[in-house]
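The values are calculated or read from the model by the stated rules, or taken from the named source; none is laboratory data. The model shown is predicted, which means the values in this text are computed figures rather than measured ones. In this analysis, Cβ positions are derived from the backbone assuming ideal geometry, glycine residues included, and neighbour counts consider all displayed protein chains. Heads up: the accessible areas ignore ligands, DNA and RNA and are worked out on the full protein's heavy atoms, side chains in. Shrake-Rupley method; radii C 1.70, N 1.55, O 1.52, S 1.80 Å.
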Amino acid sequence: MGYMSDVKSTRLAASGDIFGGPARVKGVYIVSSGTGGSVVIRDGGASGTVVATLDTPAVAGMVYMKLPEDGLRCATSAYATLANVTAATFFYA
């Protein structure tokens with residue numbers, strides 16, 4: 001039995017590229033700063049189309065969000081805007 005896709009990861013401590021080409025974001029591990037914040041996933045860079053907005057809790061801690069089915073499709077490139085988040089690790093294929 002073969003794998004359907006190779007899953008890779010990128011860790012960000014500030015807004016930036018998850019991957020510079022087409023990708024499906026399959027999950028994200030977020031370290032929240034203790035202040036409510038958000039992780040915005042975009043297709044096409046910092047000013048690209050918003051694919052999802054994930055709110056983070058107003059307590060210091062960690063949250064793992066597995067995204068449904070095939071993940072979030074970013075046809076051009078996957079980018080994340082982090083607000084009041086210490087770091088986030090994205091899993092994508």
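Could you say whether any residue in segment 13-23 is touching an Asp or Glu at 6+ places or on another chain (Cβ under 7 Å) and either closer than 17 Å to Ala78 by Cα or in a strand (DSSP E or B) (or both)?
So the first thing to find is which residues in segment 13-23 are touching an Asp or Glu at 6+ places or on another chain (Cβ under 7 Å), and the list is none.
Checked against the condition, which is being touching an Asp or Glu at 6+ places or on another chain (Cβ under 7 Å) and either closer than 17 Å to Ala78 by Cα or in a strand (DSSP E or B) (or both), segment 13-23 yields no hits at all.
Please specify each residue of segment 56-93 satisfying the condition of being farther than 15 Å from Ser33 by Cβ, open to solvent by 70 Å² or more (accessible area, probe 1.4 Å) and either part of a loop (DSSP other than H, G, I, E, B) or in contact with a helix residue (DSSP H, G or I) (Cβ under 6 Å, 6 or more places away or on another chain) (or both).
Hits for segment 56-93 are Pro68, Glu69, Asp70, Thr76.
Which residues, taken from segment 1-44, are open to solvent by 80 Å² or more (accessible area, probe 1.4 Å) and acidic (Asp, Glu)?
Asp6, Asp17
Ser38 - would you say it is closer than 19 Å to Ala14 by Cβ and part of a strand (DSSP E or B)?
Numbers: closer than 19 Å to Ala14 by Cβ: yes; part of a strand (DSSP E or B): yes.
The answer is yes for Ser38.
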